[in-house]
Amino acid sequence: MAAWRLVPFQRYPPRENMAIDEAIFREVQRSGGPPTIRLYGWMSPAVSIGHFQHIDREIDLDACRQGGVTVVRRPTGGKAVYHDDDLTYAVIAGENNTLFPPTILETYRVISKCLVQGLHKLGLEAILAEEGRMQGQGSLEASCFSVPSLHELLVQGRKICGSAQMRSRGVFMQQGSLLMSFDPEKTCDIMLPHREPRANQVQALQEKVTSLYDHLPRSVTREDVCQSLIEAFQDEWAVSFAEGALTAAEEKLKDHLLATKYENLTKYSSQNPSPP
Amino acid sequence: MKVFPDDLLYSREHVWVRVEGDLAIIGITDLAQEKLGEVHSIELPEIDSEVERDEPFGAVEAAKGTVELISPLTGNVINVNEDLIDDIGIVNSDPHDTGWMIVVEINDLDELDDLLDSRGYHDFILQEVEGD
């Protein structure tokens, strides 16, 4: 089995984060590079929207501008995620890696189980949602955290982590956001639709979403959380991670993607209709 | 084991092609839709746009993930399945027929030589599984 690479935690500007993840994904596709786990943070607040989301319908762009929140589009699917005090991960591997079943949902479950174990090491009891949002039951809310989906992580019935995948040419990438803390007011400010009375909307989100620091003391550091997750992935999959930086090819592709793709947000905006 | 119709050709990216003269009707295979799960949305090229062999021509979104659609051929898109707008579910329920996605005017018929027949695709899937 190929050795895994761990790209250790580091903070980057929002758009660069997405460009880095996609550069790793494309290079694993192109050159069959090692399966990779990357842990990262955000140098400034951001909201990431799913590949298929309609910006104007989902995000209050004025509120983002006023609040200094950068909007980025993820290469993966799913709903909008507000990134400020969260720990974000990306898992990138070949679809034929024996650790992962063939379907999106089954692979999602395998990764979620590692996250459960990682939280368990921190003393937090998380479970996987046994049922969740399906087609026809879709939430009207833009936020990823508004309704749990199947196999997502819940702590005391509230969602603590949101994740989504993309697949192409035999390689998959799963990106996810584990909330260290959660700001429901800010989330309501930047995500649509705005509902009245606002207090009810904030409360509804509070009842559905939780974060690590709702349950753990602040003495638990981000480094502690990273270490727990790394150990959980290694234990669950019986693999060892070797720390590694981006390759020269990944750096070059990241710069290219940043300049040509991630500066552009017009897709599925009011100037460009949404998909069916 | 799934049945892959004999009158279709298949790419290693799990896309099928029905050849009618110099036109190719294109969709995803039953195996591809099964891996995806229930499809929610689809993004397809516009009519009169070009698609390029081995490059993405669109994407589909299912629960918890998106998948890029890789074109098996180079050519001009002359039709897009509008029925998918009303009922995206046919990608899951009838992937090899009414769940077709685009029709392409083929630039180079020699590109068809790189595609697999149903038997070859069946063997390719088995190799993928055994290669795990």
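Structure values in brief
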quantity: Gain upon complete extension [residue B:105, residue B:118; 0.36 nm per residue less C-alpha separation]; calculated: 2.5 nm
quantity: Members of A:121/A:186; A:254/B:35; A:186/A:208; A:113/A:261; A:113/A:252; A:186/B:64 lying beyond 27 Å, as alpha-carbon distances in this model show; calculated: A:121/A:186; A:254/B:35; A:113/A:261; A:113/A:252
quantity: Within chain A, percent of DSSP bridges classed antiparallel, to nearest 5; calculated: 70 percent
quantity: Translational diffusion coefficient (Stokes-Einstein; Kirkwood radius from C-alpha pairs) of chain A at 25 °C, 0.890 mPa s, in µm²/s; calculated: 130 µm²/s
quantity: Region B:76-132: equivalent-ellipsoid semi-axes (sqrt of 5 x gyration tensor eigenvalues, Cα, Å); calculated: 26, 20, 8
quantity: Convex hull volume of region A:1-124 per residue (C-alpha atoms, cubic angstrom); calculated: 129 Å³
quantity: Reciprocal mean inverse distance between Cα atoms of region A:148-238 - Kirkwood radius, Å; calculated: 15.4 Å
quantity: At least 20 Å along the helix axis (C-alpha) and Kyte average at least 0.0, DSSP helices within chain A; calculated: A:104-121
quantity: Listed residues A:121, A:159 arranged by accessible area, highest first, probe 1.4 Å; calculated: A:121, A:159
quantity: Stokes-Einstein D (µm²/s) once Rh is taken as the Kirkwood radius of chain B over alpha-carbon pairs, at 37 °C in 0.692 mPa s; calculated: 223 µm²/s
quantity: nm² value of the averaged projected area, convex hull over the Cα atoms of region B:23-96; calculated: 4.5 nm²
quantity: Stokes-Einstein D in µm²/s, Kirkwood radius over Cα pairs - region B:56-105 at 10 °C with 1.306 mPa s viscosity; calculated: 135 µm²/s
quantity: Shielding score for B:63-75, defined as the mean number of other chain Cβ atoms within 10 Å; calculated: 6
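The values are calculated or read from the model by the stated rules, or taken from the named source; none is laboratory data. What you are looking at is a predicted structure, and each value in this text was computed from that prediction instead of being measured. When we count neighbours, we look across all protein chains shown, and the Cβ atoms used for this are built from the backbone with ideal geometry, even at glycine. These accessible areas exclude ligands, DNA and RNA; they are computed on the full protein's heavy atoms, side chains included. Shrake-Rupley method; radii C 1.70, N 1.55, O 1.52, S 1.80 Å.
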